[in-house]
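The values are calculated or read from the model by the stated rules, or taken from the named source; none is laboratory data. If you're wondering where the values come from, they're calculated on a predicted model, not measured in any experiment. Positions of Cβ are backbone-derived with ideal geometry, glycine not excepted, and every protein chain shown enters the neighbour counts. We work out accessible area using only protein heavy atoms, side chains counted, and drop any ligands, DNA or RNA first. Shrake-Rupley method; radii C 1.70, N 1.55, O 1.52, S 1.80 Å.
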Amino acid sequence: MLKHVNIKPSYIDAKRRTKEEVKILTDEYIMTNELKKLGLGKKYHIITYGCQGNVRDSETISAILEDMSFTSTENIEDADLILLNTCAIRENAHNKVFGMLGRIKHLKMTNPNIITVLCGCMAQEESVVEEIEKNYKWMDLVFGTHNIQNLPRLLSQAMELNELIIEVFSKEGDIVENLPVKRESKYKAFVNIMYGCDKFCTYCIVPFTRGKQRSRKEEDILKEIDGLIKKGYKEVTLLGQNVNAYGKDLSDGSSMSKLLEDVAKTKIERIRFVTSHPWDFTDEMIDVIAKYDNIMPYIHLPLQSGSNNILKLMGRRYTKEEYLTLAKKIREKIPNVCITTDIIVGFPGETREDFNETLQVVDEVKYDGAFTFIYSPRENTPAAKMDDNIPFEEKQQRLYELNELVNKYSNNSNNKLLEKIVPVLIEGVSSKGKDIYFGYTDTMKLVNVKCGSEDLGKIINVVIKDAKSWSLNGEKVNE
Ligand code: SAH
Ligand code: SF4
Ligand code: F3S
């Protein structure tokens, strides 16, 4: 019988940043003949919460499970293995997962053989793991963001020992290469260019759940993209919490502007990148984006707040003025660019005047779209210790006002496209009706398009006929 000693997360270790060199691990993933048979006749179902980083991790988890002979099912009731890949960014993400665990408990009660697994950012939280040990002891496996490659061994232990197995490392992190991947799309792909984050914005849990900022080597990224091009992929999205800081930790001359240019030269049809932190956005980057047609004119540039007081308390390292200068430069230099953002309202100490400044920035930048959030205290972050004296109703009121303004500008941005011809990568069948497919414009707007199945996976010209708040409708232009 295999022995297992549980390894649990530690807040203190998660915070630590040393000068230690990042290890690139190339043969960590071990798949034996025995492990390969473990999932024979069994079905898995994954639920993914959170950001694109998690979506990409789930694509690796799926591939690992399929290497172990599990097959996928869309239906949770049908699954022999249920895996929740979780997000810790806000309280409601957390609550959703615990709600789902309640549902899974019922399934497990009717069929105790179901294997239940929790991974992702919530697994990195001390309090979550304590809660699971206390009230969700019936679960089988909890593992963290640093050890996806160990999933085969951990699963086999969990299945053999029939007890809750926990393996979560709170460490700065390595770069694990050569993990398998089962991509969700045949046309567009997420490509990690860096992991972790060292910015430690005072409200944010990510630097604790994902470890330190560590960039992949440019040659490994380009190799992955070359493979995708050979398979016929049309679009890559370069992923990281701070993609603009790419390469800063490598000290080999790597930088985001160089990487973008080198990816552009591969001639892949579409290149996107998220997320851009305003602090690291260089002029060289803007020039490269403007120069290459295959780098999409779409920038997600989180503002968080328009007040210098609040930006300072958030630890964002830029001022409202610097942000506005950057946004202006981007609009001037990149033709037809769309800029979207993230904004938090109700950060501790945010006054009505601070909030008004956020509204002013929205008025000035005229965002093409925005994700807006009420501040959610995250355990163990510096902001959670700040005096949060704004009544919840007031926060809701600010969110409402902000959304009204944001919607005005996103509607304007969509309406501007009426009767215009835009390029759309057709990705799949839309639920909106017969012969309707969906895809995204170069500027990342969702379009329902009247076209044919032969257009799937192609970038076609579409004339926009109808603009709604969240999407556009259009028809294929027959050339
Ligand atoms: N790395 C990106 C953001 C990743 S998290 C950046 O720096 O811009 C995605 C968004 O979630 C953030 O931009 C922020 O707006 C929001 N967010 C993060 N922590 C939050 C919290 N504690 N409460 C509310 N929103 C939060
Ligand atoms: Fe979080 Fe800030 Fe890092 Fe973005 S830059 S992931 S908001 S700590
Ligand atoms: Fe959530 Fe973790 Fe991403 S906290 S937003 S899944 S990095």
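Computed about the Cα centre, the dipole magnitude for segment 1-135 is approximately 240 debye when only Lys and Arg (+1) and Asp and Glu (-1) carry charge, each at its Cβ.
Extending 7 Å from the Cα toward the beta-carbon at both PHE371 and GLU66 defines two label points whose distance is 2.6 nm.
Could you check what % of the DSSP bridge pairs in segment 322-479 are antiparallel, to the nearest 5? Display every interim value, and only then the final one.
On the way: 20 of 30 bridges.
About 65 percent, rounded to the nearest 5.
Counting Lys and Arg as +1 and Asp and Glu as -1, each charge on the Cβ, what is the dipole of segment 433-479 about the Cα centre in debye, to the nearest 20? Could the numbers behind the result be given before it?
Details: 7 positive and 7 negative charges, 37 e Å.
So the dipole magnitude of segment 433-479 works out to roughly 180 debye.
For segment 283-327, the solvent-accessible area of protein heavy atoms averages 39 Å² per residue (probe radius 1.4 Å; ligands and nucleic acids excluded).
Using a Cα distance threshold of under 15 Å, what count of lysine pairs results for segment 198-251 when pairs must be 8 or more residues apart or interchain? So the count works out to 5. Karplus-based coupling profile of segment 147-160, in residue order and whole Hz: 9, 4, 4, 8, 3, x, 5, 5, 5, 5, 5, 4, 6, 7, with θ = phi - 60° in 6.51 cos²θ - 1.76 cosθ + 1.60 and x standing for Gly or Pro.
Around the amide H of LEU472, modelled in the peptide plane, lie the amide H atoms of LEU446, VAL447, ASN448, all under 5 Å away and 5 or more residues distant in sequence or on another chain. Per-residue Karplus couplings for segment 390-402, computed as 6.51 cos²θ - 1.76 cosθ + 1.60 with θ equal to phi - 60°, are listed in order as 8, x, 4, 4, 5, 4, 5, 4, 5, 4, 4, 4, 4 Hz, Gly and Pro entered as x. When the Cα positions of THR116, VAL449, ILE193 are compared along the charge dipole of the chain, VAL449 comes out farthest toward the positive end, with charges on each C-beta of Lys, Arg, Asp and Glu.
With +1 on each Lys and Arg Cβ and -1 on each Asp and Glu Cβ, and nothing else charged, work out how big the dipole of the chain is about its Cα centre, in Debye to the nearest 20.
Values: 67 positive and 72 negative charges, 98 e Å.
It comes to approximately 480 debye.
In the chain, with Lys and Arg counted as +1 and Asp and Glu as -1 at Cβ, which of these residues, SER469, ASN414, VAL429, has the Cα nearest the positive end of the dipole, that is, farthest along it? About the Cα centre, the residue reaching furthest to the positive side is VAL429.
Classify segment 122-208 as rounded, prolate or oblate from the Cα gyration tensor: take a ≥ b ≥ c as the square roots of its eigenvalues, call it rounded if a/c is under 1.5, otherwise prolate when a/b beats b/c and oblate if not. Since a/c reaches 1.5 but b/c is at least a/b, the shape of segment 122-208 is classed as oblate.
Computed from phi, the 3J(HN,Hα) profile of segment 210-221 under the Karplus parametrisation 6.51, -1.76, 1.60 (θ = phi - 60°) reads 10, x, 6, 5, 9, 8, 6, 5, 4, 5, 5, 5 Hz, with x in place of Gly and Pro.
Among all the lysines, which ones have a C-alpha under 25 Å from LYS3's C-alpha, if same-chain residues fewer than 8 places away are not counted? The qualifying lysines are LYS36, LYS37, LYS42, LYS108, LYS134, LYS137, LYS171.
Ranked by the mean number of other Cβ atoms within 10 Å per residue, highest first, peptides 155-168, 200-213 order as 200-213, 155-168. For LYS465, the lysines whose Cα comes closer than 20 Å to its Cα, not counting residues fewer than 8 places off in the same chain, are LYS408, LYS416, LYS420, LYS432, LYS434, LYS445, LYS450, LYS476. If both residues of a DSSP beta bridge must be in the chain, then about 30% of such bridges are antiparallel. Per residue, the convex hull spanned by the Cα atoms of the chain measures out at 161 cubic angstrom.
In the context of the full set of protein chains, segment 340-479 has a per residue accessible area of 49 Å² (1.4 Å probe). Counting only protein heavy atoms and a probe of 1.4 Å, the accessible surface of segment 75-200 is 46% carbon and sulfur. In the chain, Cα pairs under 8 Å separated by at least six residues give a relative contact order of 11 percent.
Relative contact order, percent, of segment 83-195 when contacts are C-alpha pairs under 8 Å separated by at least 6 residues?
21
Measuring from each cysteine beta-carbon in the chain, the ones with no other cysteine beta-carbon under 4.7 angstrom are CYS51, CYS87, CYS119, CYS121, CYS197, CYS338, CYS451.
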